[in-house]
Amino acid sequence: GELPRGVRYLVCADPPGPRIGNGGSTLHVLRCLEEQYGDQWTSFTVLLIHSGGYSQRLPNASALGKIFTALPFGDPVYQMLELKLAMYIDFPRHMKPGVLITCSDDIELYSTGVTETITFDKPGFTALAHPSDLAVGTTHGVFVLDPSSFSGKGGLECVSCYRFLHKPDRETMRQSGAVCVRGDRPQLSSSGSRGDSGMASECVYTDSVFYIDHSTAKQLLMFYKQMGTLCCEIDAYGDFLQALGPGATPDYTKNTSNVSKEDSGLVEVRQQLYSLLQGTALNVIVLNNSRFYHIGTTQEYLFHFTAESKLRFELDLQPVAFSISPDAAKTSEQLSVIQSVLEPGCVIGPRSVIEYSRIGPGVSVGKGSIVSGSYINFNVDIPSNCFLSSVSVKINDRVQYVTMVFSVGDDLKKSVRLLSDIHSLQFFGACLPECLELWSIEASDQLFSSEDTRLGLWTARIFPVCSTLSESVRMSLNMLLSVQHMSAFKLSGCQLLSVEEMLTYKDVEDMLKFRKQIYDEICLRRRKEKS
């Protein structure tokens, strides 16, 4: 009952087989729409949200998907999906049939004049653009705008785009003419020195949401059908948008530096997409009073939810959202407690996030930590910068529990090819072989779950499976404390899973049941307090 009911919802999983990236998923969704609705879909306005893949940089969203990330406001709390629907609520009535594509870990906030409206009604592609500094441009898509159609004034401008750059370096941005100067005054004052207070600053216009009109979507669907099976990862931003605009060149099709895994045929598929889309218009709606926020990594998540972030101010994010917590927690601004029960006597350090958890009286959580989906009913000091997230798993029809624990700065994407190189993998500041020794685990090929010799923290079978949630938290914290104090803690004899395997065996229903129990308890306690 939390989502609007007058909308058709369709959930499409990627087809089995190799990873196809968000571009491949987009093509697959178009096919699902046609299979589900036949010709009817030609009249639809569609919001397509990529719901988050493995989420290796924010693993508390891995099991249930980034689109269901809980936000620290609302009663009951909002999830990213509701925020997306609220942010885009005005779009459909100003949109011709077509598809609006967005990710699940970004937030676009903007302000426009009373008479200015965002409309998606032109043929081809239409993208929103946000002023950003050059550092942001290096990790996003950047638009090279046509200077004749662009003034940089007002809240909203519709501009045609000369070409699109994908994660360019500063030099490329400058050479391509993507860098603009913003400011109330001209860059130079009459004496030739820079004007003071209204100092102009350099910016680029970066991407977020984009729309494909129906006939272009149909072309893409035809292309996907003709291709048969897709065997490589396509990026909806890099591989679609770089083909557009009069200044597009096919050079990017051979550049695989941004690709996580170069697959067979990637260059060929890109070249085919380029020839399909070349000459298609790229319209850009420049939102001069707008901000783009990304919360796809543990660092961004902690910053926006607990620190003095503009997003926190703009959305009025709360330190305690739909939770039972001691009064001390309610007065501390620098934390984020989301749908959790914190018993009196527990201590939560500043800049930490607790979500969907029960924390007992003898627990202290250090600063800058994330605790998700856990039940901690024993005395323990959780160190600072700790990432702790519990997952229900179903193995041989039996529900059990595994808790992953890392440092919030550990790199779960990093992998090595050879067993002899695993010393370069860091777990909470120690190298992995040292940790394995403390835990009495042998470093062998069997230690890793991955098929394709990707040896990393993501595929390392180091987390014990337990019969209760609190026991799994205790075991994983003991592992961590043994590394911190360099003291042995034997794990040999336990069934151990990697994060990759936790997601294979995850039991979503049991995880939701735990969340529901917390929800019911909060409602019950509130009723008691009122009466």
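By accessible area of protein heavy atoms, probe 1.4 Å, what ranking do 222, 475, 502 get, highest first?
222, 475, 502
Could you list, in their original order, any pairs among 96/225; 367/413; 167/414; 66/122; 66/167 whose Cα atoms are separated by more than 28 Å?
Where the Cα-Cα span goes over 28 Å, the pairs concerned are 66/122.
Check residue 375: other-chain or 5+ apart residues with amide H under 5 Å from its amide H, H built from backbone geometry?
It is 358, by chain and number.
Considering only protein heavy atoms, what per residue accessible area in square angstrom results for segment 437-531 with a 1.4 angstrom probe?
With all protein chains present, segment 437-531 gives 53 Å² per residue.
Computed from the coordinates I sent, Kirkwood radius over Cα pairs in Å equals one of [x] 26.8; [y] 25.2; [z] 45.2. Tell me the label.
Of the listed options [x] 26.8; [y] 25.2; [z] 45.2, [y] comes from this structure.
What are the ³J(HN,Hα) values, in whole Hz, obtained from phi via the Karplus relation 6.51 cos²θ - 1.76 cosθ + 1.60 with θ = phi - 60°, for each residue of segment 65-71 in sequence order, with x given for Gly and Pro?
After applying 6.51 cos²θ - 1.76 cosθ + 1.60, I find x, 4, 5, 9, 4, 7, 10 Hz.
First compute the accessible area of segment 319-524 with a 1.4 Å probe, then give the percent of it belonging to carbon and sulfur atoms.
49 percent
Could you order peptides 56-62, 361-367 by the average number of other Cβ atoms within 10 Å of their residues, highest first?
Highest mean packing first, the order is 56-62, 361-367.
What is the log10 of I(q)/I(0) for segment 333-411, computed with the Debye formula using one identical point scatterer on each Cα and no solvent, at q = 0.16, 0.19 Å⁻¹?
-0.57, -0.77
Using only Cα atoms, what is the ratio of the radius of gyration of segment 319-524 to 2.2 N^0.38 Å?
Working it through for segment 319-524, the quotient is 1.03.
Would you rank 121, 381 by solvent-accessible area, highest first, keeping every protein chain in place and using a 1.4 Å probe?
381, 121
At 1.4 Å probe size, with every protein chain present, just tell me what the per residue accessible area of segment 34-126 comes to in Å².
For segment 34-126, the solvent-accessible area averages 42 Å² per residue.
So for each of 382-393, 487-498 I average, over its residues, the number of other beta carbons within 10 Å; can you give me the resulting order with the highest mean first?
382-393, 487-498
Please calculate the 1.4 Å probe accessible area of residue 235, with all protein chains present, and give it to the nearest 10 Å².
That residue has around 40 Å² of solvent-accessible surface.
Could you state the number of Å between the C-alpha centres of segment 455-521 and segment 58-134?
Using only Cα atoms, the two centres lie 34 Å from each other.
Name the long-range amide H neighbours of residue 456: under 5 Å, sequence gap of 5 or more, or other chain; modelled H, no Pro or chain starts.
416
What residues have an amide H closer than 5 Å to that of residue 387, excluding those fewer than 5 places away on the same chain, when H is modeled at 1.01 Å from N in the peptide plane?
The answer is 370, 406, 407, 408.
Pairs of alpha-carbon atoms within less than 8 angstrom and 6+ residues apart define the contacts here; what relative contact order does the chain have, in percent?
Across the chain, relative contact order equals 13 percent.
With each run of n ≥ 4 DSSP H residues scored as -39500 (n - 2.57), what mean residue ellipticity at 222 nm is computed for the chain after dividing by its residue count and rounding to the nearest 500 deg cm²/dmol?
Roughly -7500 deg cm²/dmol at 222 nm, from the helical runs in the chain.
Quickly rank 97-108, 166-177 as a protection proxy: mean count of other C-beta atoms within 10 Å, highest first.
Listed from highest to lowest mean packing, they are 97-108, 166-177.
Roughly how many Å² of residue 68 are accessible to a 1.4 Å probe, to the nearest 10?
Roll a 1.4 Å probe over it and residue 68 shows about 90 Å².
Among 369, 160, what's the order by accessible area (1.4 angstrom probe), most exposed first?
160, 369
In square angstrom, what is the accessible area per residue of segment 303-364 with a 1.4 angstrom probe?
Accessible area per residue, segment 303-364: 38 Å².
The values are calculated or read from the model by the stated rules, or taken from the named source; none is laboratory data. All values derive from a computational prediction rather than experimental measurement. Using ideal geometry, Cβ is built from the backbone for each residue, glycine included, and neighbour counts are taken over all protein chains shown. When the accessible area is computed, the model is the full protein with side chains, heavy atoms only, and any ligands, DNA or RNA have been set aside. Shrake-Rupley method; radii C 1.70, N 1.55, O 1.52, S 1.80 Å.
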